[in-house]
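*Asks:* Have a look at this one.
The values are calculated or read from the model by the stated rules, or taken from the named source; none is laboratory data. Remember, it's a predicted structure, so these values are computed and weren't measured experimentally. Ideal geometry is used to build each Cβ from the backbone, glycine not excepted, and the neighbour counts take in all protein chains shown.
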Amino acid sequence: MNSPTRYDLDRAALGAMLADQPSYRLDQLWSGLYEHRLEPVDISNLPTALRSRLTEELPTALEPAAESTSENGDTVKWLWTLADGTQIETVLMHYPDRSTVCISTQAGCAMACGFCATGQAGFERHLTVGEIVEQVIRAQRRADERNRRISNVVFMGMGEPLANYDATWATVERLHGAFGLSARHLTVSTVGVVPGIKRLATAPLPVKLAVSLHAANNTLRDELVPLNKRYPIEVLVDACREYLEASGRRISFEWALIDGVNDRPSDAEELAEIAFDLHAHVNLIPLNPTPGFLAQGPPAARVAAFRDELARRGANVTVRRNRGTSIDAACGQLRANVAVAAPTRR
Ligand code: SAH
């Protein structure tokens, strides 16, 4: 592994690094990094010699490789290059009532869902806690320019968070403890890594769980989500029930609506049954087209009909607004057009 970056180190580790300093220096560094999101060299209450030492010892994890902003500036997508040359993406979305950042937990993804651009590209490696946390810090720096505060973090960028559980959980703790976000405003999204769901059920902070379901019978789900062969729907639903009972928190199911594939009345019926039973919330996301999957989202009327059918059967359902499509920053599109956005030598 590469040497640790700035946000890899927890408070104790930074304290050890400052062992030769008066103890209040740790508070100054900690608030410089998390409250003010400064470069070490700009933490002006630290002595100059210490600042330059920290600049060397606490390198940044993310080098900007490309950036795109929607026309009105409400959505920003970054492509970052990591120390070993791998690349990941982060998306910042401002809404009237909140600002959400969507972060990556892995470079690539091993889950191989055919409709997802990250899944099409395959797995490179897990991200470290420093690489994950710094995405939020960078996004907040940008939000600072508009006097906006990041209120929500969704672990829905590249990668499968529960396949990188330890770094994901360390990120949750850091965002909660140091960055000051409420755990209820942190959403971990999984394609159905059952052991991870079970761990999350009894974890000490009440983060929200989203499960990317996409199909409610094993034949179709085996096709769309290869992990279903390892953890079939009945096993996944049991884990969701265990989570609900242990945590008392409702799950949300993500459902990428694919024209003619999982938008039939029978799909609505199967989904409604599971969602109703688990008191879950369903988020419908019309499929964002990706280069490696020849299908589309259904026309608006069919999306509405699917939603209405779920509601009629007593499920709690919303259609997710499609943010970022114009800048290839929408769900499942991350890195789809990197070659266009940023020619890289790899
Ligand atoms: N691996 C995790 C988190 C990353 S994906 C998971 O699967 O939940 C975040 C969400 O985007 C998931 O719900 C995923 O199914 C969805 N998604 C992936 N590709 C998509 C696409 N092409 N169109 C719409 N949603 C997509």
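*Asks:* What is the residue count in the stretch 142-158 for residues that are surrounded by fewer than 15 Cβ atoms within 10 Å (Cβ to Cβ) and of a type in the set (S, T, N, Q)?
*Replies:* Result for the stretch 142-158: 1.
*Asks:* Also: For residues in the stretch 87-126 being more than 12 Å from Gly159 (Cα to Cα) and among the small types (Gly, Ala, Ser), which is nearest to the ligand (Cβ to nearest atom)?
*Replies:* Among those residues, the one meeting the criterion is Gly114.
*Asks:* Within the stretch 271-299, how many residues are among the β-branched types (Val, Ile, Thr) and either over 18 Å from Asn217 (Cβ atoms) or in a loop (DSSP other than H, G, I, E, B) (or both)?
*Replies:* Step one: list which residues in the stretch 271-299 are among the β-branched types (Val, Ile, Thr), which gives 274, 282, 285, 290.
Among the residues that remain, those that are also either over 18 Å from Asn217 (Cβ atoms) or in a loop (DSSP other than H, G, I, E, B) (or both) are: 285, 290.
Qualifying residue count for the region: 2.
*Asks:* Answer with yes or no whether Ala280 is touching a Ser or Thr at 6+ places or on another chain (Cβ under 7 Å) and at pLDDT 95 or above. Give the derivation first.
*Replies:* On the way: touching a Ser or Thr at 6+ places or on another chain (Cβ under 7 Å): yes; at pLDDT 95 or above: yes.
In short, yes.
*Asks:* What is the residue count in the stretch 101-135 for residues that are touching a helix residue (DSSP H, G or I) at 6+ places or on another chain (Cβ under 6 Å), surrounded by fewer than 24 Cβ atoms within 10 Å (Cβ to Cβ) and part of a helix (DSSP H, G or I)?
*Replies:* The qualifying residues number 0.
*Asks:* Sticking with this one: Of the residues that sit in the stretch 137-170 and are among the polar types (S, T, N, Q) and without any contact (Cβ under 8 Å) to a residue 60 or more places away in the chain, which one is nearest to the ligand (Cβ to nearest atom)?
*Replies:* As a first pass, look at the stretch 137-170 and keep what is among the polar types (S, T, N, Q): 140, 147, 151-152, 164, 168.
Okay, now just the ones that are also without any contact (Cβ under 8 Å) to a residue 60 or more places away in the chain, so 147, 151-152, 164.
Values: Asn147: 29, Ser151: 19, Asn152: 14, Asn164: 10 Å.
Applying the filter and picking the extreme gives Asn164.
*Asks:* Give the residue that is surrounded by the most Cβ atoms within 10 Å (Cβ to Cβ), with candidates limited to residues of the stretch 289-307 that are more than 30 Å from Gly122 (Cβ to Cβ) and in contact with a helix residue (DSSP H, G or I) (Cβ under 9 Å, 6 or more places away or on another chain).
*Replies:* Phe306
*Asks:* Still on this structure: Going through the stretch 315-340 one residue at a time, which ones are at pLDDT 95 or above and either more than 16 Å from the ligand (Cβ to nearest atom) or in contact with a Phe, Trp or Tyr (Cβ under 8 Å, 6 or more places away or on another chain) (or both)?
*Replies:* Of the stretch 315-340, the ones at pLDDT 95 or above are 315-319.
Ala315, Asn316 - these are the residues of the stretch 315-340 that are at pLDDT 95 or above and either more than 16 Å from the ligand (Cβ to nearest atom) or in contact with a Phe, Trp or Tyr (Cβ under 8 Å, 6 or more places away or on another chain) (or both).
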